[in-house]
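K.L.:
Quick one: this structure, given as C-alpha cells, is what I'll be asking you about.
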Amino acid sequence: MTRVEDLRRERCVACRRDAEPLLGEELDEMLLMVPDWELVHVDGVPRLVRYFPVRGWEAAMRLTNRVGEIATEQDHHPVIQTEWKGVTVSWWTHIIRNLHRNDVLMAARTDVLADDAL
C-alpha cells in the first residue's frame, strides 16, 4: 500500500477520456489516506470534498491561493469556494467524470497546505 507521504510526492498524470477511474478496493484503500475528505456525488459524479475552517478572510485567501498554486503546478484543478471563515475544496477528474488517483494525491497535498496556512 502506498503511504500518504509517498502519495504527496507524486505528480499528477495527464488524464484522457479513457483513463481508468479509481474504483472498488483501490478507491477504498486510497480514501484511508485522506480520512478527513468526504466522498460526495454531484449529478452522479463522485468528488472528494473537504471544508477547512480558517481564522478569517486573510487565512481563507492564503489557503485558496496556495491550493491554486499547486493546481496550476500539477495541471489539475479543483472547485474552490472561499468564504470569510472557511474554504471548501472539491477534487475530481472532469474529463472522466469520476475520481482518479490524481484526486486523492491532490487532496493529500491540500491537507498539508491547510496545516501550513492555519
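The values are calculated or read from the model by the stated rules, or taken from the named source; none is laboratory data. What you are looking at is a predicted structure, and each value in this text was computed from that prediction instead of being measured. A quick note on method: Cβ atoms are made from the backbone with ideal geometry, for glycine too, and the neighbour counts reach across all protein chains shown.
K.L.:
Suppose the filter is among the basic types (Lys, Arg) and surrounded by fewer than 14 Cβ atoms within 10 Å (Cβ to Cβ); does Arg66 pass it? Please lay out each step first, then the result.
P.N.:
Details: among the basic types (Lys, Arg): yes; surrounded by fewer than 14 Cβ atoms within 10 Å (Cβ to Cβ): no.
Here the answer is no, as Arg66 does not meet what is asked.
K.L.:
Sticking with this structure for a sec: What's the total number of residues in segment 51-66 that are closer than 12 Å to Thr88 by Cα and either assigned to a helix (DSSP H, G or I) or touching a His at 6+ places or on another chain (Cβ under 9 Å) (or both)?
P.N.:
So in segment 51-66, the residues closer than 12 Å to Thr88 by Cα come out as 51-54, 60-61, 63-64.
Pick out the ones that are also either assigned to a helix (DSSP H, G or I) or touching a His at 6+ places or on another chain (Cβ under 9 Å) (or both) and you get 60-61, 63-64.
Number of matching residues: 4.
K.L.:
Next question, about the same structure. Answer with yes or no whether Leu48 is more than 21 Å from Arg11 (Cβ to Cβ), touching a strand residue (DSSP E or B) at 6+ places or on another chain (Cβ under 7 Å) and in a strand (DSSP E or B). Full working, then the answer.
P.N.:
Working: more than 21 Å from Arg11 (Cβ to Cβ): no; touching a strand residue (DSSP E or B) at 6+ places or on another chain (Cβ under 7 Å): yes; in a strand (DSSP E or B): yes.
No; evaluated as a whole, the condition is false for this residue.
K.L.:
So which of Thr88, Thr93, Thr110 ends up being farther than 26 Å from Trp57 by Cβ, of a type in the set (S, T, N, Q) and under 12 Å from the mean Cα position of the chain (by Cα)? Show your work before the answer.
P.N.:
On the way: Thr88 fails: farther than 26 Å from Trp57 by Cβ; Thr110 fails: farther than 26 Å from Trp57 by Cβ.
Within the list Thr88, Thr93, Thr110, the selection yields Thr93.
K.L.:
Please identify the pairs in which a residue from segment 83-102 that is within 16 Å of Asp36 (Cβ to Cβ) has its Cβ atom under 8 Å from the Cβ atom of a residue that is of a type in the set (Asp, Glu) and in a strand (DSSP E or B), counting only partners at least 6 apart or on another chain.
P.N.:
Close Cβ pairs satisfying both conditions: none exist.
K.L.:
Follow-up question, since we're still on this one. Please work out which one of (1) at pLDDT below 95; (2) touching a Ser or Thr at 6+ places or on another chain (Cβ under 6 Å); (3) not in a loop (DSSP other than H, G, I, E, B) is the condition Cys15 fails and give its number.
P.N.:
Exception for Cys15: condition (3).
K.L.:
Quick one: Val89 ticks every box in (1) touching a strand residue (DSSP E or B) at 6+ places or on another chain (Cβ under 8 Å); (2) assigned to a loop (DSSP other than H, G, I, E, B); (3) surrounded by 18 or more Cβ atoms within 10 Å (Cβ to Cβ) except a single one, so which number is it?
P.N.:
Tallying (1) touching a strand residue (DSSP E or B) at 6+ places or on another chain (Cβ under 8 Å); (2) assigned to a loop (DSSP other than H, G, I, E, B); (3) surrounded by 18 or more Cβ atoms within 10 Å (Cβ to Cβ), Val89 fails exactly one: (2).
K.L.:
Here is a follow-up. Taking only segment 32-45 into account, find how many residues are of a type in the set (A, V, I, L, M), outside any strand (DSSP E or B) and touching a residue at least 40 places away in the same chain (Cβ under 8 Å). Let's see the steps before the verdict.
P.N.:
Start the filter on segment 32-45 by keeping residues that are of a type in the set (A, V, I, L, M), which leaves 32-34, 39-40, 42, 45.
Still in the list and also outside any strand (DSSP E or B): 32-34.
From what's left, touching a residue at least 40 places away in the same chain (Cβ under 8 Å): 33-34.
So the answer is 2.
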